[in-house]
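A.B. asks: Pasting in a structure now, in structure tokens, and then I'll have a few things to ask.
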Amino acid sequence: MKRSAFVFCLFALAASFFLLSDSFVFSQESNRANQLEGLSSYVEKKMEEWKIPGMAIGVIQNDSVIFLEGFGFRDIDKKLPVTPQTLFGIASISKTFTAATIGILYDEGKLGWNTPIIDYVPDFRLYDEYATFHATVRDLLSHRTGLSPFSDLMVYVWPYERDEIYRRLRYLKPSSSFRGWYQYSNVSFVVAGTIVDKLSGGSWEDFVEKRIFKPLGMTHSNFDLQIKNVEDFSYPYKYENGQYVKLPFRHRPAGNPSGGINSSASEMINWLKLHLKKGQFDNRQIISPTSIDMIKNPCIYNFYSEEKWWPPMMSSALGWDFQFYSGYHLLTKGGIINGFGCFISFMPQEKIGIVILGNNGVALELTHYLTYYIYDQLLNLNEFSWDKLIEDETPKYKVSSEKSSKEQQAKSEKMSYPREKYTGSYEHKAYGKAAVYVENGEMQLNFNTNFVWPLEYCFQNVFKTVYDGATIRFEFKQDTAGNVTSLEIQIEGTDFSVVFEKSNSK
């Protein structure tokens, strides 16, 4: 009898412990949710100041959603509201999915993280012979192949399919040594996607849909122009000359592995859950803990800042960026593409994840600030006033926009030579052909039938255009007789350039 009483008391004590534990966890999560009280009104205020039509925010802690809300409009004309289910273009956050597809292939024994790509994809070629025989998927996914950021124009300007970009990779001269320096590259993720195409026996898109979207319940997430296949989607916008302007959706399916996924805050919450539970979702192992750990590990230093409010150093992991924020281990990834700006992050030890999506490109900057602001609220940090920084940065954005508008209206100085001097066909072995011609009295540069850049005269033989917020400089080179022989294209403020030879040069 005494033994039975003892066992009963022991069982009751254990049950009480578990009930108290659950109660403590619930209380802790409830307290964290309370710490975000007032966030909604704060976000709405900042959206108005930054001129962002719509946003969606999701926050999880210990596998529980503690904040999930849509703000503003996904369609300004029809006054349709943003909901947690609204699809946005998530741009470069797509790279985190490509890293995961490589991890799944590793789990299946189809490739090795540190095995040269050429060992399992024999037709893989880079410009440099040493890099060709030593490059691994980790090199591709951490931006350390030496590929120039300029090569990204091959993804978003030229009309090549993914396999053609992969084939032309061998003609892309690197702008830094192999593994010598971090250089952001969309092309490297397109190549990683091509490897998934080759090893999976299907397409990267099919692989993501079957192996990630479906098991994670991301039933509405999709790719490229498929965003309009669902009812609840957002249009991309920019704010210009005092009004919102609806932008066209970017259509470059070849670049899907680097920036072509569309998703919502509610479905991206599941993506965060997968990473916080080491590759597991709903008690099913989608990707191994080994691969998740490999994806999170830093590979190469990529950023240094002396600003007291910014992490002093960041490194590139695989598809993610690695940093320490106030002593906490933090993985982040931002994205910007034609009127969409977004940011996702998680703290593995604290089991906190945050996703913020916006339908204006400048939202990328604000989503960064809001993310750290939310972490500070949840972790009771008060080392820095994000509120003050957000307020300080807002006027800079407005001044920048006004200055850009004025620059576009400025008249060019008189040209030194007739426009016809520069017209003709130009060619580069990797990028292909480009045509310069005069239309309605204006210089035009045509890379393909769907993409034309207007050339604004600057001085002597130099022209410029603005693309995706970047100023691109064009300089026509001459021989001693004054004949144009080539066209050098350079992204202003960088050392990255490429030279197209004129086809009819003597």
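A.B. asks: If you check Ser234, Ser203, which single one turns out to be more than 24 Å from Asp107 (Cα to Cα) and hydroxyl-bearing (Ser, Thr, Tyr)?
C.D. replies: The conditions single out Ser234.
A.B. asks: I need the full set of residues from the stretch 428-483 which are at pLDDT 90 or above, within 29 Å of the chain's Cα centre (by Cα) and polar (S, T, N, Q), in order please.
C.D. replies: Matches in the stretch 428-483: Asn446, Thr465.
A.B. asks: Then there's this: Every residue in the stretch 43-63 that is farther than 14 Å from Val245 by Cα and crowded, with 17+ Cβ neighbours inside 10 Å, please.
C.D. replies: Val43, Lys46, Met47, Trp50, Met55, Ala56, Ile57, Gly58, Val59, Ile60, Gln61
A.B. asks: Something else about it: Among the residues of the stretch 218-247, which ones are assigned to a loop (DSSP other than H, G, I, E, B) and either touching a strand residue (DSSP E or B) at 6+ places or on another chain (Cβ under 8 Å) or more than 20 Å from Arg284 (Cα to Cα) (or both)?
C.D. replies: Selection gives Met218, His220, Ser221, Val230, Glu231, Asp232, Ser234, Tyr235, Pro236, Asn241, Gly242, Leu247.
A.B. asks: For the stretch 264-361, list the strands (runs of 3 or more DSSP E) that sit wholly inside it and hold at least 3 residues that are of a type outside the set (Asp, Glu) and either out of contact with any Leu (no Cβ under 8 Å at 6 or more places or on another chain) or not assigned by TED's automatic domain parsing to the domain that holds Leu140 (or both); which are they?
C.D. replies: Filter on the stretch 264-361 gives 300-304, 313-316, 328-337.
A.B. asks: Give the stretch 477-506 a look and list any residue that's aliphatic (A, V, I, L, M) and surrounded by 13 or more Cβ atoms within 10 Å (Cβ to Cβ), or say none.
C.D. replies: Answer for the stretch 477-506, where residues must be aliphatic (A, V, I, L, M) and surrounded by 13 or more Cβ atoms within 10 Å (Cβ to Cβ): Val484, Leu487, Ile489, Ile491, Val498, Val499.
A.B. asks: Name the single residue, out of those in the stretch 64-80 being on the phi < 0 side of the Ramachandran plot and without any contact (Cβ under 8 Å) to a residue 24 or more places away in the chain, that is surrounded by the fewest Cβ atoms within 10 Å (Cβ to Cβ).
C.D. replies: Applying the filter and picking the extreme gives Lys78.
A.B. asks: Have a look at Asn222, Asn241, Asn270, Asn229 and point out the one that is touching a residue at least 12 places away in the same chain (Cβ under 8 Å), polar (S, T, N, Q) and surrounded by fewer than 17 Cβ atoms within 10 Å (Cβ to Cβ).
C.D. replies: Result: Asn241 is the single residue among Asn222, Asn241, Asn270, Asn229 that is touching a residue at least 12 places away in the same chain (Cβ under 8 Å), polar (S, T, N, Q) and surrounded by fewer than 17 Cβ atoms within 10 Å (Cβ to Cβ).
Yes/no per residue for (1) at pLDDT below 95; (2) of a type in the set (D, E, K, R); (3) touching a Pro at 6+ places or on another chain (Cβ under 9 Å); (4) buried (at least 20 other Cβ atoms within 10 Å of the Cβ):
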{"residue": "Tyr130", "(1), (2), (3), (4)": "no, no, no, no"}
{"residue": "Ala135", "(1), (2), (3), (4)": "no, no, yes, yes"}
{"residue": "Arg138", "(1), (2), (3), (4)": "no, yes, no, yes"}
{"residue": "Phe150", "(1), (2), (3), (4)": "yes, no, no, yes"}
{"residue": "Val155", "(1), (2), (3), (4)": "yes, no, no, yes"}
{"residue": "Trp158", "(1), (2), (3), (4)": "yes, no, no, yes"}
{"residue": "Arg167", "(1), (2), (3), (4)": "no, yes, no, no"}
{"residue": "Arg170", "(1), (2), (3), (4)": "no, yes, no, no"}
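A.B. asks: Do you know which residues across the stretch 350-371 are of a type in the set (A, V, I, L, M) and touching a Ser or Thr at 6+ places or on another chain (Cβ under 7 Å)?
C.D. replies: Residues satisfying the conditions are Ile354, Ile356.
A.B. asks: If you go through the stretch 279-309, how many residues are at pLDDT below 85 and in contact with a helix residue (DSSP H, G or I) (Cβ under 9 Å, 6 or more places away or on another chain)?
C.D. replies: Looking only at that region, the number is 1.
For (1) in contact with a Phe, Trp or Tyr (Cβ under 9 Å, 6 or more places away or on another chain); (2) closer than 22 Å to Tyr182 by Cβ, each residue gets a yes or a no:
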| position | (1), (2) |
| --- | --- |
| Pro81 | yes, no |
| Thr86 | yes, no |
| Ala99 | yes, yes |
| Glu108 | no, no |
| Val121 | no, no |
| Asp128 | yes, yes |
| Ser142 | yes, yes |
| Thr145 | yes, yes |
| Val157 | yes, no |
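A.B. asks: Also: Restricting to the stretch 172-203, give me the number of residues that are more than 21 Å from the chain's Cα centre (by Cα), under 21 Å from Trp158 (Cβ atoms) and among the aliphatic types (A, V, I, L, M).
C.D. replies: Of the residues in the stretch 172-203, 1 are more than 21 Å from the chain's Cα centre (by Cα), under 21 Å from Trp158 (Cβ atoms) and among the aliphatic types (A, V, I, L, M).
A.B. asks: Quick one: count up the residues across the stretch 325-347 that are aliphatic (A, V, I, L, M) and farther than 30 Å from Leu225 by Cα.
C.D. replies: Adding up the residues that qualify gives 2.
A.B. asks: Okay, next question. Can you list the strands (runs of 3 or more DSSP E) found entirely within the stretch 419-478 that contain at least 1 residues being polar (S, T, N, Q), in contact with a strand residue (DSSP E or B) (Cβ under 9 Å, 6 or more places away or on another chain) and touching a residue at least 60 places away in the same chain (Cβ under 8 Å)?
C.D. replies: The strands (runs of 3 or more DSSP E) meeting that bar are 424-428, 442-448.
A.B. asks: Okay, next question. Just give me the residues in the stretch 423-461 being over 19 Å from Ser151 (Cα atoms) and in contact with a Leu (Cβ under 6 Å, 6 or more places away or on another chain), in sequence order.
C.D. replies: Val436, Met443, Leu455
A.B. asks: Let me ask something additional. I want to confirm something. Restricting to the stretch 102-116 and keeping residues that are in contact (Cβ under 8 Å) with a residue 12 or more places away in the chain and either buried (at least 24 other Cβ atoms within 10 Å of the Cβ) or among the small types (Gly, Ala, Ser) (or both), which single residue is farthest from Val155 (Cα to Cα)?
C.D. replies: Gly112
A.B. asks: Okay, moving on. Have a look at Ile356, Ile344, Ile352 and point out the one that is over 18 Å from Ser92 (Cβ atoms) and at pLDDT 95 or above.
C.D. replies: Ile352
The values are calculated or read from the model by the stated rules, or taken from the named source; none is laboratory data. Being a predicted model, the structure only gives us computed values, none of them experimental. Every residue, glycine as well, gets a Cβ built from its backbone with ideal geometry; the counts of neighbours run over all protein chains shown.
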